[in-house]
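**Student:** Supplied in structure tokens, the structure appears directly below.
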Amino acid sequence: MEENFYFQGSNDESIGEGCYISTTVNNKRYYGVLISQDSLKEASDLHFKNEAASLALNTRMLNLRRNQILQGQPEDDEHVEKQVQKFKYVDATAKTLGYRVILATYANVQEAAHDDNLMLQQIKSACDKVRL
């Protein structure tokens, strides 16, 4: 056993545990994860609940967008009405590659900027850079 880890629920309570393992057989290195069945079930349930909530949010945002179009609300800028996601970047470690965690998804750039004109311009500029 190399390292224990814990699954945490939405309120940071521990819902299970597991451990990373590794071994060498015939000069080949093998890696694995041991997770109890109850811990795997709880983690899977939590994952699927989060996915369902994300899909529901996407559906609500799509319906809002459709309602805005049907009501004929003008789009003053093509970027303003596009969905924007906020990420937290996690640096690479000895055991993992770098990755990002989605913190929030906003219906549009104005929502993401929280009525801050400077932040609105910064988000629009970042969106333009990503598109290139």
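The values are calculated or read from the model by the stated rules, or taken from the named source; none is laboratory data. Treat the numbers as computed from the prediction; the structure is a model and nothing was measured. Heads up, the Cβs are rebuilt from the backbone with ideal geometry, glycines too, and the neighbour counts pull from every protein chain shown.
**Student:** Kindly indicate the residue of the range 12-50 that is β-branched (Val, Ile, Thr) and surrounded by 14 or more Cβ atoms within 10 Å (Cβ to Cβ) and also modelled with the highest pLDDT among those meeting that condition.
**Tutor:** From the range 12-50, those β-branched (Val, Ile, Thr) are 15, 21, 23-25, 33, 35; that's our starting set.
The next check asks that each one be surrounded by 14 or more Cβ atoms within 10 Å (Cβ to Cβ); those that pass are 15, 35.
Working: ILE15: 76, ILE35: 86.
Among those residues, the one meeting the criterion is ILE35.
**Student:** Just the residues that are basic (Lys, Arg), loosely packed, with under 15 Cβ neighbours inside 10 Å and farther than 14 Å from LYS86 by Cβ, please, taken from the range 97-132.
**Tutor:** Across the range 97-132, the qualifying residues are LYS129, ARG131.
**Student:** Among the residues of the range 4-36, how many are under 24 Å from ALA53 (Cα atoms) and polar (S, T, N, Q)?
**Tutor:** Residues flagged as under 24 Å from ALA53 (Cα atoms) and polar (S, T, N, Q) within the range 4-36 amount to 4.
**Student:** Tell me which residues, restricted to the range 1-56, are part of a strand (DSSP E or B), within 30 Å of THR105 (Cα to Cα) and among the aliphatic types (A, V, I, L, M).
**Tutor:** Within the range 1-56, just ILE15 meets the criteria.
**Student:** Based on what the data block shows, is VAL80 in contact with a helix residue (DSSP H, G or I) (Cβ under 6 Å, 6 or more places away or on another chain) and modelled with pLDDT under 85?
**Tutor:** Working: in contact with a helix residue (DSSP H, G or I) (Cβ under 6 Å, 6 or more places away or on another chain): yes; modelled with pLDDT under 85: yes.
The answer is yes for VAL80.
**Student:** Something else now. Output the number of residues of the range 88-126 satisfying the condition of being within 21 Å of ARG60 (Cα to Cα) and not in a loop (DSSP other than H, G, I, E, B).
**Tutor:** Here the count works out to 10.
**Student:** Considering the range 15-35 alone, what residues qualify as being over 22 Å from THR96 (Cα atoms) and of a type in the set (S, T, N, Q)? Quick ask: steps written out before the conclusion?
**Tutor:** As a first pass, look at the range 15-35 and keep what is over 22 Å from THR96 (Cα atoms): 15, 25-27.
If the condition is that a residue be over 22 Å from THR96 (Cα atoms) and of a type in the set (S, T, N, Q), then ASN26, ASN27 are the ones that fit.
**Student:** Counting only residues that are hydrophobic (A, V, I, L, M, F, W, C) and out of contact with any helix residue (DSSP H, G or I) (no Cβ under 9 Å at 6 or more places or on another chain), which one in the range 1-11 is modelled with the highest pLDDT?
**Tutor:** Per the stated criteria, the residue is PHE5.
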